[in-house]
Amino acid sequence: MKKTKLFDAAGLRRTVNRLAHEVVEKNKGVEDLAIVGIRTRGDYLARRLAQKIEEIEHKPVPVGSLDITLYRDDLHGKLEQPQLKSTEILFDVTGKILVLVDDVLFTGRTVRAALNALMDIGRPSSIQLLVLVDRGHRELPIKADFAGKNVPTSLRQQVQVLLEEADKEDGVYLLDAKVDAEEIEQKEKKQ
Amino acid sequence: MKLHSRHLLGLDGMPKEDIQLILDTAISFKEVLERPIKKVPPLQGKTIANMFFESSTRTRLSFELAERRLSADVVSFTTVGSSVTKGETLKDTARNIEAMKIDMVVIRHSAPGAAHFLSRVVDANVLNAGDGSHEHPTQALLDMFTLRDRHGTLEGLKVCIVGDVTHSRVARSNIFGLKTMGAHVSVCGPATLIPREIEKLGVDVYHNLEDVIPNVDVLNVLRIQLERQERGLFPSLREYHRFFGVTQEKMARATRPITIMHPGPINRDVEISADLADSEHSVILQQVTNGVAVRMAVLYLLGTTN
């Protein structure tokens, strides 16, 4: 399997810094701003981002984590049942500008699930999407407002995000995984 | 991560990791129940039939709520007003329900083994909501969830089940589940209401509540089934209350804070004194709240696996 490095630890840190500045710039501060990360790695990124934003603006930003398992559209087809984790959003999302954070943006289905989940919790005034890596191949009309890096990929490849909190190292890699060739061909034909 | 069985028939023989998975999953659903919108979509498009051949308020409502909050379509019937009263067999009723493309069946029946039987004749997932005096697994799961929530762990917890153990499916499921999870279980009641050889399930037997109270963390108080009183298993309700009713007076012997549970419905001042049922020791209403979360967990785990 081929493994290409997209970010090392320092690169990752700089990218999170830049994204934090972009969020603050676009929203002209942190008034009504709150951050929600999609479990598991989006959650860690959200916490890092919130910390950065607090350093920049000297004001705390509420952070929450969102588990989207119950909203997945592939719950019934899966052989292995995904583990259900808890959503922990301890602030009222109604009226907030929410920055939704995930590590990789791919088909857009996870984001769709997250949007539905958020709407069931309250009525945010707006939701912005922030991702570390946008790898393309969208299956739904979804677009990131803030992206750490746009990486053109083939369906054969996999983007692996490693974070200290879960993986004991910081880094983002592009993997060339062996997948069923026929399946990919069919999928590519469709697009 | 998934359960080892397609059905929830009882806790007898259920592996520890399955119980653990259900209790852990229920934590997430408890959070869902605290949201302004208490509904999530994982069972969208699934149809669940609640077949209650025996009266029930709490369990049926709790199951229905759990099902609806998982976005399933729900059909319910009770024996009154259904063709069961016309003499249809359980098997035929089930077959007909299945012909209507039902995905999951929740069944309560007065015959022990009814849920097991059903699981052999239909393709749907079967959940036992109480079969005679055999098992009532979701009640025991919600009891364990409530205890774990309050005490942090079930391992080493000392639980005494008080009352009519012979006729109680709640007692049996609790014994199986709690033993699997590493708790110490005892039972206490008049000799006429404790089955012979129950020690073989690994429980201690007491006939005097005052001996029990100094040594336990939890009293799970069973309902005295008033309808059975005529059979002379104990002399009178008043005498039962004097010896086995849980009261403030008897609780004075406790050496630590004791949690009091009751599966409902309560006969106030029979098996438990009214003031105690409403005291800070009592988790009776938490049990009801947790019941919905635990049933959502079971329905979710069974309904989303192939």
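Between B:205, B:246, B:218, B:212, the distinction of being free of Cβ contacts under 8 Å to residues at least 24 places away in the same chain, assigned by TED's automatic domain parsing to the domain that holds residue B:157 and under 27 Å from residue B:144 (Cβ atoms) belongs to B:205 only. Could you go through segment B:1-9 and let me know if any residue there is at the interface with chain A (Cβ under 10 Å from one of its Cβ atoms), surrounded by fewer than 20 Cβ atoms within 10 Å (Cβ to Cβ) and closer than 30 Å to residue A:123 by Cα. Among the residues of segment B:1-9, not one is at the interface with chain A (Cβ under 10 Å from one of its Cβ atoms), surrounded by fewer than 20 Cβ atoms within 10 Å (Cβ to Cβ) and closer than 30 Å to residue A:123 by Cα, which makes the answer no. Kindly evaluate residue A:121 against the criterion of being closer than 17 Å to residue A:46 by Cβ, among the β-branched types (Val, Ile, Thr), without any contact (Cβ under 8 Å) to a residue 40 or more places away in the chain and open to solvent by less than 70 Å² (accessible area, probe 1.4 Å). Yes.
Yes/no matrix, rows are residues, columns are (1) touching a Gly at 6+ places or on another chain (Cβ under 9 Å); (2) modelled with pLDDT under 95; (3) aromatic (Phe, Trp, Tyr):
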| position | (1), (2), (3) |
| --- | --- |
| A:43 | yes, no, no |
| A:46 | yes, no, no |
| A:55 | no, no, no |
| A:62 | no, no, no |
| A:68 | no, yes, no |
| A:74 | no, yes, no |
| A:77 | no, yes, no |
| A:80 | no, yes, no |
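Can you spot a residue in segment B:233-254 that is touching a His at 6+ places or on another chain (Cβ under 7 Å) and of a type in the set (A, V, I, L, M)? No, every residue in segment B:233-254 fails to be touching a His at 6+ places or on another chain (Cβ under 7 Å) and of a type in the set (A, V, I, L, M).
Of the residues screened, residue A:107 is not one that is more than 16 Å from residue A:41 (Cα to Cα), among the polar types (S, T, N, Q), open to solvent by less than 30 Å² (accessible area, probe 1.4 Å) and at pLDDT below 95.
Scanning segment B:131-148 for residues that are hydroxyl-bearing (Ser, Thr, Tyr) and either at pLDDT below 95 or under 19 Å from residue B:64 (Cβ atoms) (or both), we see that the one that is surrounded by the most Cβ atoms within 10 Å (Cβ to Cβ) is B:138.
Among the conditions (1) more than 22 Å from residue A:173 (Cα to Cα); (2) within 18 Å of the chain's Cα centre (by Cα), the only one that residue A:31 does not satisfy is (2).
Taken across segment B:198-220, residues that are more than 28 Å from residue B:145 (Cα to Cα) and surrounded by 15 or more Cβ atoms within 10 Å (Cβ to Cβ) do not occur at all. Within segment A:59-68, the presence of at least one residue that is within 20 Å of the chain's Cα centre (by Cα), within 8 Å of another protein chain (Cβ to nearest Cβ) and of a type outside the set (S, T, N, Q) is confirmed.
The single condition among (1) open to solvent by 40 Å² or more (accessible area, probe 1.4 Å); (2) within 14 Å of chain B (Cβ to nearest Cβ) that residue A:82 does not meet is (1). Of all the listed residues (B:159, B:170), the sole one being touching an Asp or Glu at 6+ places or on another chain (Cβ under 9 Å), of a type outside the set (Asp, Glu) and open to solvent by less than 10 Å² (accessible area, probe 1.4 Å) is B:159. Residues that are more than 14 Å from every other protein chain (Cβ to nearest Cβ) and surrounded by 20 or more Cβ atoms within 10 Å (Cβ to Cβ) number at least 3 in the following helices (runs of 4 or more DSSP H) confined to segment B:248-306: B:284-303. In segment A:88-98 there is at least one residue that is farther than 25 Å from residue B:29 by Cα, open to solvent by less than 60 Å² (accessible area, probe 1.4 Å) and away from chain B (no Cβ under 14 Å).
When B:132, B:152 are screened for being of a type outside the set (Phe, Trp, Tyr) and in contact with a helix residue (DSSP H, G or I) (Cβ under 8 Å, 6 or more places away or on another chain), only B:132 passes. Can you confirm whether segment A:50-57 contains a residue that is buried (at least 21 other Cβ atoms within 10 Å of the Cβ), within 14 Å of chain B (Cβ to nearest Cβ) and not hydroxyl-bearing (Ser, Thr, Tyr)? No, segment A:50-57 contains no residue that is buried (at least 21 other Cβ atoms within 10 Å of the Cβ), within 14 Å of chain B (Cβ to nearest Cβ) and not hydroxyl-bearing (Ser, Thr, Tyr). Applying the condition of being part of a helix (DSSP H, G or I) and away from every other protein chain (no Cβ under 14 Å) to segment A:110-149 and asking which residue is nearest to residue A:25 (Cα to Cα) yields A:111.
The values are calculated or read from the model by the stated rules, or taken from the named source; none is laboratory data. Remember, it's a predicted structure, so these values are computed and weren't measured experimentally. So basically every Cβ, Gly included, is an ideal-geometry build from the backbone, and we count neighbours across all protein chains shown. Only protein heavy atoms, including side chains, enter the accessible area calculation; ligands, DNA and RNA are left aside. Shrake-Rupley method; radii C 1.70, N 1.55, O 1.52, S 1.80 Å.
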